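Here is the structure we will look at, set down as structure tokens.
The values are calculated or read from the model by the stated rules, or taken from the named source; none is laboratory data. Because the structure is predicted, anything quoted here is derived from the model rather than measured. Every residue, glycine among them, receives a Cβ derived from its backbone with ideal geometry; neighbour counts consider all protein chains shown.
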Ligand code: BES
Ligand code: MN
Ligand code: ZN
């Protein structure tokens, strides 16, 4: 999707945003009878009203006031999805937005919703030409948005698309090695550095968690290190992002059933997709932050040499782990990455992972289960970013009792706790490998959708990217003010 500001009068179809029908007064584009029509439709409850101007369409969107910014913004985003559907139904290629309302973010948010809804993954479709949406460009009149907002809109839209593409790619394309190549491509495009450890190097490092998960696979693992360190970085200690890169999760020998379970496990690298997409945007927006991102990648398979329930493995940190379920693989490779993160003396580490079915059961597709040891003001910034972007957070407690469940008779720890509270015992497992301020985001419920809903397409959602970017933007501004 192309986003731009137009200087001349718009000649294509237009979308006018108003906050209230009273604002129709200020719009000279509409004939008096058209205004009457809009008023009537509005009174009947319509919030998106179409006027056919023969060669073009005029859409009038009336902002639905939901009483608070979070919900009103989300209503605008969802209206964007409605606009996207109608625009494509009428085969429009361009749409010019003018904001007549008092809400000065409305044009941005509406366009964001249009852009997010206009995403398609057609790589494997023979008739892609026919299926491709007509809508290609969103324009704005000059007073509806500013240049920075346009740049941000474009970059975040691209970041989300990258992230969704990665999730949508099946294992038949996206092996751990291919994921490394995609990361390298995106790094080049955006301007961050990428280093990938191959299997030999991973063995030399002794990343026992990642290697154990990989043992049943025909494909080698990769450990990917992205770094963005701009000259004017305002944080002395980097922020480290960690993303679960399980390119396919069969469960290993603790095999998953197919239906509504293994069949969607190409998405088990969604955590990595969140951090890769975010790195793309951070570098493109040139945020003044030093950020590192780590992605341990492998598929989890029951091959001949697969690790078995009962095995004891030695992690990268030296901790020994009794593996009682090979389907609790994410925590094993994440633990190695969390241990690796210590070398950066990070100010904060955030990991993103489709870690537990328990998180999905707890909140469904409506939010992220998070937990961690970061300071309260960090948590508050994350929460406000999540609310603003409608990628909301629910914080779970890291109580000791959940950690006690991980005691093993023969090793330092075991890799599973009780079924009850399963998202938290997984978090407690990860916590063991941290010694810095840390947040864990379990995105199992939100990363993959089975049907298009509003601006969320079927398949990969990239849920978490906009929350994380909002947070990082807040950090770059906050620290600038302090400096
Ligand atoms: N990748 C799964 C978690 C998952 C489940 C993601 C559903 C998305 C949707 C993870 O590796 C897993 O299998 N977790 C197990 C852990 C259990 C064996 C302790 C789970 O949640 O069942
Ligand atoms: Mn698993
Ligand atoms: Zn998994």
Original post:
touching a strand residue (DSSP E or B) at 6+ places or on another chain (Cβ under 8 Å), within 14 Å of ligand 2 (Cβ to nearest atom) and either in a strand (DSSP E or B) or outside the structural domain of residue 439 (by TED's automatic domain parsing) (or both), is that true of residue 246?
Top reply: yes
Original post:
Just wondering, is there one or more residues in the stretch 320-337 that are free of Cβ contacts under 8 Å to residues at least 60 places away in the same chain and either within 14 Å of ligand 3 (Cβ to nearest atom) or farther than 24 Å from residue 376 by Cα (or both)?
Top reply: no
Original post:
Given (1) away from ligand 2 (no atom under 16 Å from the Cβ); (2) farther than 22 Å from residue 69 by Cβ; (3) crowded, with 24+ Cβ neighbours inside 10 Å, where does residue 330 come up short, assuming only one miss?
Top reply: (1)
Subject >> Close pairs from the stretch 407-418: first within 15 Å of residue 327 (Cβ to Cβ) and in contact (Cβ under 8 Å) with a residue 40 or more places away in the chain, partner more than 16 Å from ligand 2 (Cβ to nearest atom) and in a strand (DSSP E or B), Cβ under 9 Å, at least 6 apart >> reply: 414/322; 415/322
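Yes/no per residue for (1) within 15 Å of ligand 1 (Cβ to nearest atom); (2) more than 23 Å from residue 224 (Cβ to Cβ); (3) not assigned by TED's automatic domain parsing to the domain that holds residue 441:
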residue	(1), (2), (3)
308	yes, yes, no
312	no, yes, no
349	no, no, no
359	yes, yes, no
Original post:
Hey, among the residues in the stretch 258-275 that are in contact with a helix residue (DSSP H, G or I) (Cβ under 9 Å, 6 or more places away or on another chain) and under 22 Å from residue 323 (Cα atoms), which one's farthest from ligand 2 (Cβ to nearest atom)?
Top reply: 269
Original post:
Looking at the stretch 374-388, is at least one residue more than 16 Å from ligand 1 (Cβ to nearest atom) and crowded, with 24+ Cβ neighbours inside 10 Å?
Top reply: yes
**OP:** Assess whether residue 368 counts as being in the same structural domain as residue 445 (by TED's automatic domain parsing) and touching a helix residue (DSSP H, G or I) at 6+ places or on another chain (Cβ under 8 Å).
**Re:** yes
Original post:
Is it fair to say residue 243 is closer than 16 Å to residue 444 by Cβ, buried (at least 24 other Cβ atoms within 10 Å of the Cβ) and more than 10 Å from ligand 1 (Cβ to nearest atom)?
Top reply: yes
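To keep it simple, each residue is scored yes or no on (1) over 20 Å from the mean Cα position of the chain (by Cα); (2) within 16 Å of ligand 3 (Cβ to nearest atom); (3) assigned to a helix (DSSP H, G or I).
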site: 270; (1), (2), (3): no, yes, yes
site: 273; (1), (2), (3): no, yes, yes
site: 277; (1), (2), (3): no, no, yes
site: 304; (1), (2), (3): yes, no, no
site: 308; (1), (2), (3): yes, no, no
site: 317; (1), (2), (3): yes, no, no
Original post:
What is the residue count in the stretch 358-386 for residues that are over 25 Å from residue 417 (Cβ atoms) and over 14 Å from the mean Cα position of the chain (by Cα)?
Top reply: 8
Original post:
Of all residues in the stretch 440-451 being surrounded by fewer than 22 Cβ atoms within 10 Å (Cβ to Cβ) and either touching a strand residue (DSSP E or B) at 6+ places or on another chain (Cβ under 9 Å) or not assigned by TED's automatic domain parsing to the domain that holds residue 266 (or both), which is modelled with the highest pLDDT?
Top reply: 449
**OP:** Quick one: count up the residues across the stretch 314-327 that are within 14 Å of residue 409 (Cα to Cα) and within 16 Å of ligand 2 (Cβ to nearest atom).
**Re:** 3
Subject >> Residue list for the stretch 104-147, restricted to those being in contact with a helix residue (DSSP H, G or I) (Cβ under 8 Å, 6 or more places away or on another chain), farther than 16 Å from residue 454 by Cα and surrounded by 20 or more Cβ atoms within 10 Å (Cβ to Cβ) >> reply: 106, 107, 108, 135, 138, 140, 144, 145
**OP:** Go through (1) in contact (Cβ under 8 Å) with a residue 24 or more places away in the chain; (2) not in a helix (DSSP H, G or I) and name the single condition residue 471 misses.
**Re:** (2)
**OP:** Filter the stretch 49-78 down to residues that are modelled with pLDDT of 95 or more and farther than 30 Å from residue 393 by Cβ and give me whichever is surrounded by the fewest Cβ atoms within 10 Å (Cβ to Cβ).
**Re:** 50
**OP:** Name the helices (runs of 4 or more DSSP H) wholly inside the stretch 122-217 in which the number of residues that are not assigned by TED's automatic domain parsing to the domain that holds residue 328 is 2 or more.
**Re:** 128-131, 147-168
**OP:** Kindly indicate which of 270, 254 is within 10 Å of ligand 1 (Cβ to nearest atom) and crowded, with 24+ Cβ neighbours inside 10 Å.
**Re:** 270
